[in-house]
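Structure, as structure tokens:
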Amino acid sequence: MSEPGPEVMARFVGAENVERGRDYLERLDPELHRYIIDFVYGEVYAGNTLDAKTRALCTVAMLATLGQQLQLGVYVQAARRQGATEQEIREVLRQVAVYAGFPSAWNALATMKAALERFDENETGRESQP
């Protein structure tokens, strides 16, 4: 079950974001960085009971419920990397409305829209590079 945290992190947030995330977290708090890399990605996200897409969609729902818009944007993109469609993400956020309230879902949908626009721009730019 255990897998190197940076490899798992790369699958979720994109390989291009691992170094930047590592540098940011290391400056913020080296011990928190270790917890996130080793435990969150190396143990929890590396687990094989849930597939990566389901895990990412669960994370989207929880972050939306908690109103954590910055991290929500990151995990909307992670869900896309794991094969979730925009419609599946929207459906998850509609479910959030039932249990966390319409304002939470509304904010989350706005965050999703912006995150997917950035994701699509980045993916289109990557496809046109040699």
When you look at Leu93, is it more than 25 Å from Glu16 (Cβ to Cβ) and either at pLDDT 95 or above or surrounded by 11 or more Cβ atoms within 10 Å (Cβ to Cβ) (or both), yes or no? yes
Take the stretch 1-26 and flag every residue that is surrounded by fewer than 14 Cβ atoms within 10 Å (Cβ to Cβ) and among the basic types (Lys, Arg). Arg20
Can you tell me which of Ala64, Ala46 is modelled with pLDDT under 95 and touching a Ser or Thr at 6+ places or on another chain (Cβ under 7 Å)? Ala46
Residues of the stretch 41-66 satisfying the condition of being of a type in the set (Gly, Ala, Ser) and either free of Cβ contacts under 8 Å to residues at least 40 places away in the same chain or assigned to a helix (DSSP H, G or I) (or both): Gly42, Ala52, Ala56, Ala61, Ala64
For the condition in contact with a helix residue (DSSP H, G or I) (Cβ under 8 Å, 6 or more places away or on another chain) and surrounded by 15 or more Cβ atoms within 10 Å (Cβ to Cβ), what is the one hit in Arg81, Arg55? Arg81
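Let me confirm something: among Asp29, Asp38, which residue is surrounded by 11 or more Cβ atoms within 10 Å (Cβ to Cβ), touching a residue at least 24 places away in the same chain (Cβ under 8 Å) and over 15 Å from the mean Cα position of the chain (by Cα)? Talk me through it step by step, then tell me what you get.
Working: Asp29 fails: touching a residue at least 24 places away in the same chain (Cβ under 8 Å).
From the options Asp29, Asp38, the qualifying one is Asp38.
The values are calculated or read from the model by the stated rules, or taken from the named source; none is laboratory data. On a predicted model such as this, the values are computed, not experimentally measured, just so you know. We place every Cβ from the backbone using ideal geometry, glycine too, and count neighbours over all the protein chains shown.
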